Amino acid sequence: MIRSLKNLSYEEMQQWAVDEGFAPYTGRQLFEWLFRHFLEDPAEMHNIKKEIRSRIAGYGPLRLLELLRHKNSGGSGTEKFLFQCLDGNALESVLIRSGKRVTLCVSSQIGCAMNCSFCRTADMGFIRNLSAAEIIEQFIQVKKASNEKISNVVFMGMGEPFNNFEQSIRAAIVLNHEKGPQIAARHITLSTSGIVPKIREFAHLPYQFKLAISLNASTNRVRDKLMPVNHRYPLEQLLDAAKYYSDTTRRRITFEYVLIRDVNDSEQDAAELKRLLRHIPCKLNVIPFNETGASFQRPDEKDIERFIGDLENAVFPVTLRLSGGRGINAACGQLYHEVLKT
Ligand code: SAH
């Protein structure tokens, strides 16, 4: 992992200052310069003494991502950003505008080890975890490039955040920090393919971050095929952990359900979902599959409507996400490839 002061928490930055022989408030000032004002050049940190600035400069890089490409989706309000890390790897973030809400979708890993059969990220294999600093840097660089007031952050880009738990949570804590970007904890969502022990651990964090679970199937048979993680943590265990999370935190879970033609879009699937989720405070977000050239297809509009109709009397709310990223292939899971191709 590349050493950078941007990997340090508020408390650790104060400790760093003390260890360097300076006052703790120097660490607090540094945190604000980095995460509130987004400075990258210690020379601009005018309230920090020159000798300290040179220590900051000597510690490691403060700019961790270079914007390689930036793509607009012509009207839908969605923008895709391709970045290069200092080690040459590329990663992507997506900015999604919807009404007053401006959501940034960040990557937590380069590639992914989950190997979901419908997801393009799986084709890359797993390359490496991102550091907390690289996750936060996506926010900082998108903010600088777009000048938007980002209200929400979702960990739904490349990677499985619960396989990079510590760095993902570290990044979320800084994004939420009152001396940093101040994204409300309830506006930060971590999305998992279903790493059961980490869902339980997440339930006990003293932060109100939200949880999303990519469900994507109503039976073990289909989920096994779509998401190999289901062999390890089958639906019963996953839903137990989800119930545990909502009982412990009193927060509602979002289940994501990528709707794939003739795979998980039957009336029977809708009935089974209503049964499976009836005791869990949740909402169900149905995402019609974004075709990637793979063997799966998006259902017709009438089948999407029929599926939503079948869920009408569910005890939980159901939303349909008509992906803003469709036009630019910015659906999570199909980042990266497209940009490199074009
Ligand atoms: N690994 C985490 C975080 C990635 S989120 C997780 O699985 O939750 C990526 C989301 O995009 C997941 O809900 C996934 O099911 C969905 N997704 C992946 N490929 C897609 C595609 N082609 N069309 C629509 N949604 C897709």
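Connecting C-alpha atoms closer than 10 Å in a GNM of the chain, tell me which of Asn147, Asn264, Asn290 has the biggest fluctuation.
Asn147
Taking a threshold of 32 Å on the Cα-Cα distance, which of the pairs Lys274/Lys302; Lys49/Lys143; Lys179/Lys274; Lys100/Lys302; Lys143/Lys225 fall above it? List each step's numbers first, then the result.
On the way: Lys274/Lys302 20 Å; Lys49/Lys143 28 Å; Lys179/Lys274 42 Å; Lys100/Lys302 29 Å; Lys143/Lys225 38 Å.
Among Lys274/Lys302; Lys49/Lys143; Lys179/Lys274; Lys100/Lys302; Lys143/Lys225, the Cα-Cα distance tops 32 Å for Lys179/Lys274; Lys143/Lys225.
Going by average Cβ density within 10 Å per residue, which order do the peptides 3-11, 101-109 take, highest to lowest? Can you show the working numbers first?
Numbers: 3-11: 18.6, 101-109: 23.3.
The packing order, highest mean first, is 101-109, 3-11.
Using only the Cα atoms of the stretch 1-95, what semi-axes does the equivalent ellipsoid have when each is the square root of 5 times a gyration tensor eigenvalue? Give whole Å, largest first.
Result for the stretch 1-95: semi-axes of 31, 14, 12 Å.
Nearest 20 debye, what's the magnitude of the dipole of the chain about its Cα centre given +1 on Lys and Arg Cβ and -1 on Asp and Glu Cβ?
Numbers: 45 positive and 39 negative charges, 125 e Å.
Charge dipole of the chain: 600 debye, to the nearest 20.
So what is log10(I(q)/I(0)) for the stretch 177-275 at q = 0.10, 0.13, 0.16, 0.22 1/Å, when the Debye sum runs over its Cα atoms only?
Summing over Cα pairs of the stretch 177-275 leads to -0.31, -0.50, -0.70, -1.13.
Of the listed peptides 153-159, 18-24, what is their order by residue-averaged count of other C-beta atoms within 10 Å, with the highest listed first? Can you show the working numbers first?
Values: 153-159: 25.9, 18-24: 13.1.
Highest mean packing first, the order is 153-159, 18-24.
Listed highest first by mean packing, meaning other Cβ atoms within 10 Å per residue, what order do 230-236, 167-173 come in? Mind dumping the intermediate values first?
Working: 230-236: 15.3, 167-173: 23.4.
Highest mean packing first, the order is 167-173, 230-236.
Given bins 10 angstrom wide, list per bin the percent of all Cα-Cα distances in the stretch 65-340, short to long.
The percentages, shortest bin first, are 7, 31, 38, 21, 3, 0.
With the full set of protein chains in place, find how many percent of the accessible area of the stretch 5-59 is carbon and sulfur; take the probe as 1.4 Å.
Values: 1350 of 2760 Å².
Here it works out to 49 percent.
Share of antiparallel DSSP beta bridges in the stretch 65-340, in percent to the nearest 5?
The antiparallel fraction comes to roughly 50 percent.
Share of the stretch 77-190's accessible area from carbon and sulfur, percent, 1.4 Å? Before the final figure, lay out each step's value.
Working: 1660 of 3750 Å².
Percent of accessible area from carbon and sulfur atoms in the stretch 77-190: 44.
Provide the three semi-axes, in whole Å and in decreasing order, of the ellipsoid equivalent to the stretch 5-59 as defined by the square roots of 5 times the Cα gyration tensor eigenvalues.
Working: eigenvalues 41, 34, 19 Å².
Whole-Å semi-axes of the equivalent ellipsoid: 14, 13, 10.
Can you give the charge dipole size of the stretch 127-242 about its Cα centre, rounded to the nearest 20 debye, using +1 on the beta carbon of Lys and Arg and -1 on the beta carbon of Asp and Glu? Walk me through the numbers before you get to the answer.
Values: 14 positive and 10 negative charges, 30 e Å.
So the magnitude is around 140 debye.
Using a 1.4 Å probe on the protein heavy atoms, what percent of the accessible area of the stretch 226-310 belongs to carbon and sulfur? Write down the numbers at each step before the final one.
Numbers: 1780 of 3960 Å².
C and S atoms contribute 45 percent here.
How large is the accessible surface per residue of the chain, computed with a 1.4 Å probe and reported in Å² as a whole number? Don't jump to the answer; show the numbers that get you there.
Working: 14840 Å² over 342 residues.
Result: 43 Å² per residue.
The values are calculated or read from the model by the stated rules, or taken from the named source; none is laboratory data. Just so we're clear, the structure is a prediction, and the values are computed from it rather than from any experiment. Counting neighbours? That spans all protein chains shown, and the Cβs are built from the backbone with ideal geometry, glycine included. Note: areas computed on protein heavy atoms with side chains; ligands, DNA, RNA excluded. Shrake-Rupley method; radii C 1.70, N 1.55, O 1.52, S 1.80 Å.
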